[in-house]
Amino acid sequence: MPNGIAYLMLLLWPFVTLVMFRKLSVERALIWSILGGYLFLPPLAEFNLPLVPGMDKVSIPNLSVLLVLMFGMKQKVHLIPESRAALWLVAGLVLSAIPTVLNNGEPIIFQVLGSGGIVFLVDQLPGQSIRDIGSVLIAQVLTLVPFLLARQFLSSEQGLREILYALMVGGLIYSVPSLIEIRLSPQMNVWIYGFFQHSFEQMMRDGGFRPIVFLPHGLWLALFICTALLSAAALTRRAPPTDRRKMVFVIGYLAVLLVLCKSLASLVYGILLLPMVLFLPSRWQIRVAMAFAVVAIVYPMLRNFGLIPLDAILAQAEAFSPERAQSLGFRFANEQQLLNRAAEKPLFGWGGWGRNLVRDVETGAILSIPDGRWIIVFGTFGWLGYICEFGLLALPLLLMGLYVHRHGDTDLSPFVAPLTIILGITMIDMLLNATLTPFTWLTAGAILGHAERLMARPGATVRHPTRSGPILGKPMTQKEKRTVF
């Protein structure tokens, strides 16, 4: 059970957000309001109010930044994307709540047949009613707040750089409690918020511990450190020569921390992507990220139709590590159970409250464990929700890839390509884990906003006005091109 400090932190975060917007630039305040809430607010703790979604470490920061920007700042907030495809996907993701709720009005009853043919009602999951539509709609809108705000306020070169800088600094800050947990065992959440948020056994690996701090799982923390490492590499590549030695030390420090997190997937991501971010041209980074997005979209479809060679994949994993192969086989088995369940309501899904899970027909005990984000979305909101959510995350990468194909990478911000890599690899990880976070949405929104700028003026530079760059819409001279790019 969360203690009083946990709920106090949730209550104080709107005021923390307001102070940040008063003291910092809009870009930095927006980023740290979302990222700070994700990193430091208590997991699982929430305020349950009638007819609205639970107010937790995701919804409270999202709602806070929206209200502060709408009513406490001078800037006008424009939540409607300029991209028509993005607009349709946003509308589809939000409004998918309506058919999902309307198609799940029946309760799911668990009963057992006793002696004499008497049926005993054990438990039930309630059906969803029209009054639940508002709650689900609000939850969907709040989920998209970082995406929509980042599209407007973080699409400039300064905004993109601030995202990378925040990821790097956040990783360095989080390294302190992470190293403490690696040495002493994962106890930060217990010491501060009074409870442990997951299975302690899953934090034990290779004769030691992997950290979790205030995140949902150690895998989430490892992926975050991986993104911090890639961000540090991107900033190192653009740093002045006098600062590069310090930045190389930061890269080495975060790389060691990533190894200590004991997550094979995130470690592989770091090994493969670090050289790409350091040495590949921007156009090739974007193409790699676009390939990641395509895989993330296509895999669930192929998996749903039984076209993925699971046995061959497991055989390769077995050759590398029997333990990892066993874990992967467990995931595949659970996916198949959940796919069979989702196939009963493929268009709009089973809705919330765990109705999408496989349960014992008599006791109601959960028999399946959903790991990948894609199977959770597919089971909850069906094909409509899955296509809209994954399509909205992939769209910025596809638009950036289309622009690079047509115009090259001359007018790109030097900071957008590494962010596409980070978003792309997060989408790949979402096939294995439910690692979709508010900061993922924020990154996707910033990339979409930058793509919209580029698409709007394909014949002119689109860099945001900065001290070191030309003015938006003003064609660059040859001298400017040589000095800036």
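The values are calculated or read from the model by the stated rules, or taken from the named source; none is laboratory data. A quick note: this is a predicted structure, and the numbers were derived from the prediction, not measured. Cβ: placed from backbone, ideal geometry, glycine included. Neighbour counts: every protein chain shown. Note: accessible area is taken over every heavy atom of the protein model, side chains too, but ligands, DNA and RNA are not part of it. Shrake-Rupley method; radii C 1.70, N 1.55, O 1.52, S 1.80 Å.
Table for the structure above
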read-out	value
Accessible area per residue in Å² at 1.4 Å probe, computed on the chain	45
Karplus 3J(HN,Hα) series, Hz, for the stretch 340-351 with 6.51 cos²θ - 1.76 cosθ + 1.60 (x for Gly, Pro)	4, 5, 5, 5, 6, 9, x, 6, 10, x, 9, x
Overall form of the stretch 291-414 per C-alpha gyration tensor (a/c, 1.5; a/b vs b/c)	oblate
Chymotrypsin sites (Phe, Trp or Tyr not before Pro) lying in DSSP loop within the stretch 278-336, provided at most 12 other Cβ fall within 10 Å	PHE305
Cut-off under 5 Å, modelled amide H: who pairs with ARG205 long-range	ARG210
10 Å-binned pair-distance histogram of the stretch 256-352 (Cα, whole percent)	12, 30, 35, 20, 3
Per residue convex hull volume, Cα atoms of the stretch 187-258, in Å³	98
Orientation-averaged projected area, Cα convex hull of the stretch 43-92 (nm²)	5.2
Amide hydrogen neighbours beyond the local backbone of LEU347, cut-off 5 Å, H modeled	TRP383
From the C-alpha gyration tensor of the chain, square roots of 5λ in Å	37, 26, 24
Surface share of carbon and sulfur [accessible, 1.4 angstrom probe, percent] for the chain	66
Vicinal HN-Hα couplings computed from phi for the stretch 416-429 (Karplus, 6.51 cos²θ - 1.76 cosθ + 1.60; Hz; Gly/Pro x)	7, 4, x, 5, 5, 4, 5, 5, x, 6, 5, 5, 4, 5
Overall Cα dimensions of the stretch 74-209, principal axis frame, Å, largest first	72, 51, 27
For GLY105, net neighbour charge (Lys/Arg +1, Asp/Glu -1) across residues whose Cβ lies under 13 Å away	+1
